[in-house]
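Inspection log for the structure reproduced underneath, given as C-alpha cells.
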Amino acid sequence: MAEPDVLSPGELSRRAGELSSRAEAATLLAAISAVRRTARRAVRHAWQTEPLPPAQGELLRLIASKPGISVAEAAQELRLAPNTVSTLVGRLAEQDLLSRQRTLPDGRSVRLTVTGKAHQRITEWQDLRAYLASQVLAEMPPDDRRTLADAVPALLRLAERMGAR
C-alpha cells in the first residue's frame, strides 16, 4: 500500500499562503464588483435619461477617452470580439452617439469618435455618479473615507498589472 503524500511544514505554509491570497483576491474583487453594481443602479435610478446597456456605455467612454480609435483597437482594449464591438458601434451610431470616419487610402477600416450628444450624456452620467457617491462618502466616518482614498493608488496599480497579463 502506498503511503499518503506527506507535505513538509514549508510546503504546508506555502499552500496555506496561496489559499489565503486567493481568498483575499476573491474578496477584494467581490467588493469592487459590489461597488460598481450599486453605483450603476443608483445612477440608473436617479437619472432621467434612458440608460445605455453597460457594454455600450463602456465602449462609448473608451471612444471618448481615445478619439479616432478603430474597432479592432477598441475590441482589444475591451477584450471583446471585433464583431461584438462592430455590433455595439452600429447601435451607438443609430442613436447618434458616435460617428464613423472611413480611413484613407483603403477605406476598409473606420475611426470612431463620440458626438456632441454623447459628450453631454457622458458628462451628465459622470457628474451624477460623482454627486451620488460624494453624498454617501460625506456620511461615512472620516477613517473610512481616508482608507478608501489611500487605497486608490494601489487599486489603479492592480488594474494596470491585471491588464498587462
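The values are calculated or read from the model by the stated rules, or taken from the named source; none is laboratory data. Quantities reported herein were computed from a predicted structural model and do not represent experimental measurements. Cβ atoms come from the backbone with ideal geometry, glycine included; neighbour counts cover every protein chain shown. Note: areas computed on protein heavy atoms with side chains; ligands, DNA, RNA excluded. Shrake-Rupley method; radii C 1.70, N 1.55, O 1.52, S 1.80 Å.
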Item to check | Gyration tensor (alpha-carbon) shape descriptor, the chain, a/c threshold 1.5 | outcome: oblate
Checklist entry - Taking R0 as 25 Å, what's the FRET efficiency between ARG146 and VAL35 from their Cβ-Cβ distance, rounded to 0.05? => result 0.90
Item to check | Heavy atoms of THR84: accessible area, 1.4 Å probe, square angstrom to 10 | outcome: 60 Å²
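Any idea what the dipole of the chain comes to, in debye rounded to 20, about its Cα centre with Lys/Arg Cβ at +1 and Asp/Glu Cβ at -1?
That gives the chain a dipole magnitude of about 580 debye.
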Checklist entry - Could you give the length gained on full extension between GLU139 and ASN83, defined as 0.36 nm per residue of separation minus the Cα-Cα distance, in nm? => result 15.7 nm
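Over the stretch 107-165, what percent of the accessible surface lies on carbon and sulfur atoms, probe 1.4 Å? Each step should come with its number before you reach the end.
Numbers: 2600 of 4540 Å².
About 57 percent, which is the carbon plus sulfur part of the accessible surface.
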Checklist entry - Taking K and R as +1 and D and E as -1, what net charge do the other residues with C-beta under 12 Å from the C-beta of THR84 add up to? => result +1
Checklist outcome for this item: Note to self: with every protein chain in place and a 1.4 Å probe, the stretch 56-157 gives an accessible area per residue in Å² of 64 Å²
